[in-house]
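The values are calculated or read from the model by the stated rules, or taken from the named source; none is laboratory data. Predicted, not measured: the structure shown is a model, and the values here were computed from it. Cβ atoms come from the backbone with ideal geometry, glycine included; neighbour counts cover every protein chain shown.
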Amino acid sequence: MTEARLEAWLDETRSFAPSADFAKHANAQPSIYDEASKDPVAWWRTQADRLSWSTSPTKTLEWDLPFAKWFSDGTLNASYNCVDRHVEAGRGDKVAYHWVGDAEGETRTITYAQLQKFVAQAANALSELGVQSGDRVAVYMPMIPEAVITMLAIVRLGAMHSVVFGGFSADALSSRILDSDCQYVVTADGAFRRGAPSPLKPAVDEALQSCPGVKAVLVVRRTGGDVTWVEGRDHWWHDIVDRQADTHTCESFPAEHKMFIMYTSGTTAKPKGIFHTTGGYLTQVATTYNLVFDVKADSDILWTAADIGWITGHSYIVYGPLINGVTQVMYEGLPDSGGRDRWWKIIAQNKVTTLYTAPTTIRTLMKWGHELPGAHDLSSLRLLGSVGEPINPEAWMWYRQYVGGNRCPIVDTWWQTETGAIMVSPLPGITATKPGAAMRPLPGITVDVVDNEGKSVGNGEGGYLVISEPWPSMTRGIWGDPERFKETYWSRFPGKYFAGDGAKRDADGDLWLLGRIDDVMNISGHRLSTTEVEHALVGHPAVAEAAVVGASDETTGQAIVAFVTLKLSADEAEKDQSGVIEELRVHVSKVISPIAKPRQIILTPDLPKTRSGKIMRRLLRDVAEHRSLGDVTTLMDPTVVNMISGLMDEHQNDND
Ligand code: WT7
């Protein structure tokens, strides 16, 4: 989008006031901000009453910066809170999930009562396999109900799940299993993608060659067909789970009992195992789901279109919604499985009221044309959400107009794997919205935008986003590495949580998120570090050196551009450039995931470095985005940059 066009959108659509009708019935009333800010810690204690505690907490926050404990003398069971208590309250017949398969017409409807039985059976099976409180269980599954059932069964036993996105490679899976010493893996034979089976079990088999600590693998049959089998280690779900008793009495655990690990990319090659604990996490996901999505449990049908392999799926497909006792749509397929209007069909058929997705998907749907949503009845929708990356005003406006019929409020929700739950977002019915702005911190949350010295910036100024006060669902640390936790998040601005994002306060004091300011890229809402991709590239025998940058991309937000020097002589490389480039792209997708496949690889005899030998990524980003190259005086050999920008132009369309 050109700057001029962006301006035009912004001029036309500065701000949308909340509709009076929505405001009248909204869960949150404007006074909520004042109530919470008077005493945020006490306010969060009232929010904890959304949960069903075995022992009600008398303590609220114990803060030993940067380590927080919330509700520490309370006890509860996460799975009980999601499932059993709804059944006990007489809501067992309510649908928890309308599951929609990749193939059109394949659906499953699961009530809370059924979910309770499935979770009990899975918990019984996992304990038969040896899973105990405190154990770690890796989950590598497609978007099928068994994935949710597995997560709930694991936390029911007091064990921790570490869900690894099904699109990750065997290498990525094994390093995650090893880092947190998982002794169990739950997986499926495969997943369906646009009607075709895509195997998962072979990646598990490959990963486990380097994970001798894994004692048992539980496998759901999803796609059928042959799988290799390790006797004694591998167990079919239908053999073990189906024969279990469908009741399970659960134990309660302290609020600070460790609940799950979610790996995410930081600025180094090694992903960080972000872990969360029970009471604080569940409190904040329950509150934010209820307020941000204005949940009406009796009438809403909510669809978070994300994968359970990411934090969005954990917080807003599994825990937040289930605690609120709502009915959801859970979809297995891709946006164009069965055709490019699949999403609109799902919304119309299921009368979805609330849709939550990522800007990258909105931009893809937008590319396919507004005629597609226009041809379906989307009148059931009443609220739209966005998450994962800054949403550009054009995509926001399209979402509002063609999906939301100019009547649905849009909540642009900023948060992270580390924050566990939504932190910055408008509240529907209260906050006026601006296309592209996440607006303001939620009640009970204190954020700031600070300059280099850590001083708050004024309105109209930009800086770094920090979180100034502890919050219930904050990560309790990086698995096995408390020092790295302090160093990464708490050292840049002492006493404050440094999120890694740039932000701006506009003239009205509203917040705009501006993207990462570190070496973390955001590709289609997926977080990847430049170093991680560089690491994968230099792992290839032909590569001498690699520098990776995230360059802006119309659809995916950012795309990976890699500058690579080969070990081969220039002559050799010259002979088969496109062959080498393709091989490297496939290599990266194998080592990490197809998400990490560079959009473009530039082979170059040299990389620009500072006098101290650091690769100048900022400069390469400018080259990749065709910006004029600022100051290059610290550069060792400025001619390298000119040469690279020449190469870039030459190979502009090579990798498309
Ligand atoms: C990073 C966190 C939150 C669940 C999915 C991603 C970016 C996230 C927004 C938003 C602008 C956003 C940030 C953040 N981000 N939401 N609404 N506006 N940027 O979780 O993988 O932990 O990534 O995603 O850069 O730091 P994640």
(request) Output the residues belonging to the stretch 492-507 that are free of Cβ contacts under 8 Å to residues at least 60 places away in the same chain and farther than 22 Å from residue 66 by Cα. (result) 503, 504, 505, 507
(request) Read through the list (1) within 30 Å of residue 199 (Cβ to Cβ); (2) in contact with a Phe, Trp or Tyr (Cβ under 6 Å, 6 or more places away or on another chain); (3) surrounded by fewer than 20 Cβ atoms within 10 Å (Cβ to Cβ), then give the number of the only condition that residue 103 fails. (result) (2)
(request) Give the number of residues within the stretch 374-404 that are within 16 Å of the ligand (Cβ to nearest atom), assigned to a loop (DSSP other than H, G, I, E, B) and acidic (Asp, Glu). (result) 1
(request) Among the candidates 338, 309, 279, single out the residue that is within 13 Å of the ligand (Cβ to nearest atom) and of a type in the set (Gly, Ala, Ser). (result) 309
(request) Sort out which residues of the stretch 277-305 are assigned to a loop (DSSP other than H, G, I, E, B) and surrounded by fewer than 24 Cβ atoms within 10 Å (Cβ to Cβ), and write them in order of number. (result) 294, 295, 296, 297, 298, 299, 300, 305
(message) Whether any residue in the stretch 323-337 is under 21 Å from the mean Cα position of the chain (by Cα), touching a residue at least 40 places away in the same chain (Cβ under 8 Å), buried (at least 21 other Cβ atoms within 10 Å of the Cβ) and assigned to a helix (DSSP H, G or I) is what I want to check.
(response) yes
(request) Being closer than 28 Å to residue 476 by Cα, in contact with a helix residue (DSSP H, G or I) (Cβ under 7 Å, 6 or more places away or on another chain) and modelled with pLDDT of 95 or more narrows it down to one of 46, 60, so name that one. (result) 60
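This table checks each residue for (1) assigned by TED's automatic domain parsing to the domain that holds residue 163; (2) in contact with a Lys or Arg (Cβ under 8 Å, 6 or more places away or on another chain); (3) loosely packed, with under 15 Cβ neighbours inside 10 Å; (4) within 14 Å of residue 102 (Cβ to Cβ).
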site: 192; (1), (2), (3), (4): yes, yes, no, yes
site: 198; (1), (2), (3), (4): yes, no, yes, yes
site: 205; (1), (2), (3), (4): yes, no, no, no
site: 211; (1), (2), (3), (4): yes, no, no, no
site: 218; (1), (2), (3), (4): yes, no, no, no
site: 226; (1), (2), (3), (4): yes, no, yes, no
site: 229; (1), (2), (3), (4): yes, no, yes, no
(request) Please work out which residue is farthest from the ligand (Cβ to nearest atom), limiting yourself to the stretch 485-514 and to residues that are over 20 Å from residue 439 (Cα atoms) and touching a Ser or Thr at 6+ places or on another chain (Cβ under 9 Å). (result) 495
(request) Mind listing whichever residues of the stretch 69-93 are under 28 Å from the mean Cα position of the chain (by Cα), surrounded by fewer than 22 Cβ atoms within 10 Å (Cβ to Cβ) and not polar (S, T, N, Q)? (result) 69, 85
(message) With the structure loaded, tell me whether residue 265 is within 12 Å of the ligand (Cβ to nearest atom), of a type in the set (Ser, Thr, Tyr) and either closer than 16 Å to residue 153 by Cβ or at pLDDT below 95 (or both) or whether it fails that test.
(response) yes
(message) Please pick out the residue among 640, 591 that is at pLDDT below 75, surrounded by 14 or more Cβ atoms within 10 Å (Cβ to Cβ) and assigned by TED's automatic domain parsing to the domain that holds residue 556.
(response) 640
(message) Given the condition within 16 Å of the ligand (Cβ to nearest atom), over 30 Å from residue 437 (Cβ atoms) and assigned to a loop (DSSP other than H, G, I, E, B), answer yes or no: does some residue in the stretch 540-562 qualify?
(response) no
(message) Can you find a residue that is in a loop (DSSP other than H, G, I, E, B), buried (at least 23 other Cβ atoms within 10 Å of the Cβ) and within 15 Å of the ligand (Cβ to nearest atom) anywhere in the stretch 345-364?
(response) yes
(message) I'm told residue 471 meets every condition in (1) in the same structural domain as residue 281 (by TED's automatic domain parsing); (2) surrounded by fewer than 23 Cβ atoms within 10 Å (Cβ to Cβ); (3) away from the ligand (no atom under 12 Å from the Cβ); (4) among the hydrophobic types (A, V, I, L, M, F, W, C) except one. Can you identify the failing condition by its number?
(response) (2)
(request) Please name all residue pairs, on different chains or six or more residues apart, with Cβ atoms under 7 Å, provided the first residue is in the stretch 42-58 and is within 13 Å of residue 284 (Cβ to Cβ) and the second residue is at pLDDT 95 or above and of a type in the set (D, E, K, R). (result) 43/35
(message) Exactly one of these conditions fails for residue 466: (1) over 30 Å from residue 42 (Cβ atoms); (2) free of Cβ contacts under 8 Å to residues at least 60 places away in the same chain; (3) not in a loop (DSSP other than H, G, I, E, B). Give me its number.
(response) (1)
(message) Only one of 429, 420 is crowded, with 21+ Cβ neighbours inside 10 Å, in the same structural domain as residue 264 (by TED's automatic domain parsing) and at pLDDT 95 or above. Can you tell me which?
(response) 420
(message) Can you confirm whether residue 63 is under 30 Å from residue 181 (Cα atoms), in contact with a Gly (Cβ under 7 Å, 6 or more places away or on another chain) and of a type outside the set (D, E, K, R)?
(response) no
(message) Condition first: in contact (Cβ under 8 Å) with a residue 24 or more places away in the chain, outside any strand (DSSP E or B) and aromatic (Phe, Trp, Tyr). Can you find one or more residues in the stretch 96-118 that meet it?
(response) yes
(request) Run residue 318 past the list (1) out of contact with any Cys (no Cβ under 9 Å at 6 or more places or on another chain); (2) within 16 Å of the ligand (Cβ to nearest atom); (3) among the aliphatic types (A, V, I, L, M) and report the number of the one that doesn't hold. (result) (1)
(message) So if I check each of 549, 538, 564, which one is in the same structural domain as residue 627 (by TED's automatic domain parsing) and surrounded by fewer than 19 Cβ atoms within 10 Å (Cβ to Cβ)?
(response) 538
(request) Could you tell me which of the residues 210, 162 is in a loop (DSSP other than H, G, I, E, B), closer than 18 Å to residue 263 by Cβ and among the small types (Gly, Ala, Ser)? (result) 210
(request) Provide a single number: the residues in the stretch 515-532 that are in a strand (DSSP E or B) and within 8 Å of the ligand (Cβ to nearest atom). (result) 6
